[in-house]
Ligand code: PEP
């Protein structure tokens, strides 16, 4: 049985005050599902302290290097050292603005797993790819390198399907569209390892709100959500968690 998971990607938003407000709300009213928050780097220690172990805390990115002269980078070991246990890898904004390649993303997944961090690997197609009917081809190619590099170690990863045309646009993929892509991802994973495909959690992300969460989370292959904008509003985010 896969436990439902709702993850909050704060992106480059927030402050100490907002960290206190959001963690305070989550800890005061523990949601029925597993919850993880991904604040910006500076707020990680504060979030860990306020989460009291009831809410998972993760970073939005990590370095593919172990350590060394890489100014501005943050290693997996450092994240673990400050209490983070999760990390986003390959978010579309990193793929787009920082030109992250499949090889780099696979290396980041390896560093995370070596340091006892659970990576949330983000995949998803652009609007153009979607409209040309290339969604499955894009998703298959984004899963290929992690599968080759990690094999059955991919069982330690959560995958988030985030169609780029639905991120921050208010345009949500329909529940049927999401279910179809998730079923396709499970079939791709099953071709490598049937057990892995049954166990791995697949999240949906892209304009998830309290209003659309129940239908999305009711799909048999949707194990929760990765929430951006709506995760910065305590009441809205709690309502999404309750839907899971
Ligand atoms: C995201 O950035 O991962 C995301 C899903 O954002 P939003 O919910 O705002 O579309």
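The range 169-244 and the range 20-45 have Cα centres spaced 19 Å apart.
Per residue, the convex hull spanned by the Cα atoms of the chain measures out at 113 cubic angstrom. Spatially, the range 78-108 and the range 120-168 are offset by 14 Å when compared through their Cα centroids. Structural descriptor for the chain: relative contact order 21 percent, calculated from alpha carbon pairs under 8 angstrom and at least 6 residues apart. When its C-alpha radius of gyration is set against 2.2 N^0.38 Å (N residues), the range 172-244 gives a value of 1.15.
Bear in mind these aren't lab numbers, they're just calculated from the coordinates by the rules spelled out. Quick caveat: nothing in here was measured; it's all calculated off a predicted structure.
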